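Q: Before I ask anything, here is the structure I am working with.
The values are calculated or read from the model by the stated rules, or taken from the named source; none is laboratory data. Everything quoted here is computed from the prediction, not taken from an experiment. Here the Cβ positions follow ideal geometry from the backbone for every residue, glycine too, while neighbour counts run over all protein chains shown.
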Amino acid sequence: MRHLRKGKKLGRVSKKRKALLRSLAIALFENGKIKTTLAKAKALRPLAEKLITKAKKHDPVTLRALSAALNRKTAKTLQERWAPVLGKRNGGYTRIVKLNFRREDASPMACIELVTKPKE
C-alpha cells in the first residue's frame, strides 16, 4: 500500500519519472504552455509551482538550485522572464485545461500553462 506517498508513478521507475518531469518542466518554462496527458500535467504542477516560488528570490544561490533541477538556460529564463511576472502572485501559477481524448489510446489530454504572459 502507498500510505502517505505523494505523487503518481506514471508507470515508470524513479529515474525515468524524474527525467520525464524535468523535460516537461523545461518545455513548460520555454514555451509557457504544453499539451500532455492529464496524469502527467497533474504530476508536473507541484514541481512547476515549487520551482517558480524558488525563482522569485532572484539571487545566484537560487539560480544554482534551479540549474540543478532544470538546465542552465531554462533556469535563467525562469528567473529573468517568468519570475518578475509571476512574482506578484502568492501561488497558483499554473492552469490545467482538460482537452479531448487522444485518438490512438483514448487517454485524457490536458493543456498546462502559466497563468500570466510576460511582456515581450
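Q: Only helices (runs of 4 or more DSSP H) wholly contained in segment 46-120 count here; list those with 3 or more residues that are in contact (Cβ under 8 Å) with a residue 12 or more places away in the chain, in contact with a helix residue (DSSP H, G or I) (Cβ under 8 Å, 6 or more places away or on another chain) and surrounded by 14 or more Cβ atoms within 10 Å (Cβ to Cβ). Can you show your working first?
A: On the way: elements: 60-69, 72-77, 83-86.
By residue number, 60-69, 72-77.
Q: Working only within segment 84-105, note down all residues that are of a type in the set (Gly, Ala, Ser) and farther than 12 Å from Glu49 by Cβ.
A: Start the filter on segment 84-105 by keeping residues that are of a type in the set (Gly, Ala, Ser), which leaves 87, 91-92.
Selection gives Gly87 alone.
Q: Out of all the residues in segment 91-120, which are at pLDDT below 90 and of a type in the set (S, T, N, Q)?
A: The answer is Thr116, and nothing else.
Q: From (1) under 12 Å from the mean Cα position of the chain (by Cα); (2) surrounded by 18 or more Cβ atoms within 10 Å (Cβ to Cβ), pick out the condition that doesn't hold for Lys42.
A: Lys42 satisfies all of (1) under 12 Å from the mean Cα position of the chain (by Cα); (2) surrounded by 18 or more Cβ atoms within 10 Å (Cβ to Cβ) except (2).
Q: Any chance you could count how many residues in segment 1-44 are of a type in the set (Val, Ile, Thr) and under 18 Å from Leu66 (Cα atoms)?
A: Looking only at segment 1-44, we keep the residues that are of a type in the set (Val, Ile, Thr), and these are 13, 26, 34, 36-37.
Checking which are under 18 Å from Leu66 (Cα atoms) leaves us with 26.
So the count comes out to 1.
Q: Something else: Could you figure out which of (1) surrounded by fewer than 19 Cβ atoms within 10 Å (Cβ to Cβ); (2) in contact (Cβ under 8 Å) with a residue 24 or more places away in the chain; (3) under 12 Å from the mean Cα position of the chain (by Cα) isn't true of Gly7?
A: Gly7 satisfies all of (1) surrounded by fewer than 19 Cβ atoms within 10 Å (Cβ to Cβ); (2) in contact (Cβ under 8 Å) with a residue 24 or more places away in the chain; (3) under 12 Å from the mean Cα position of the chain (by Cα) except (3).
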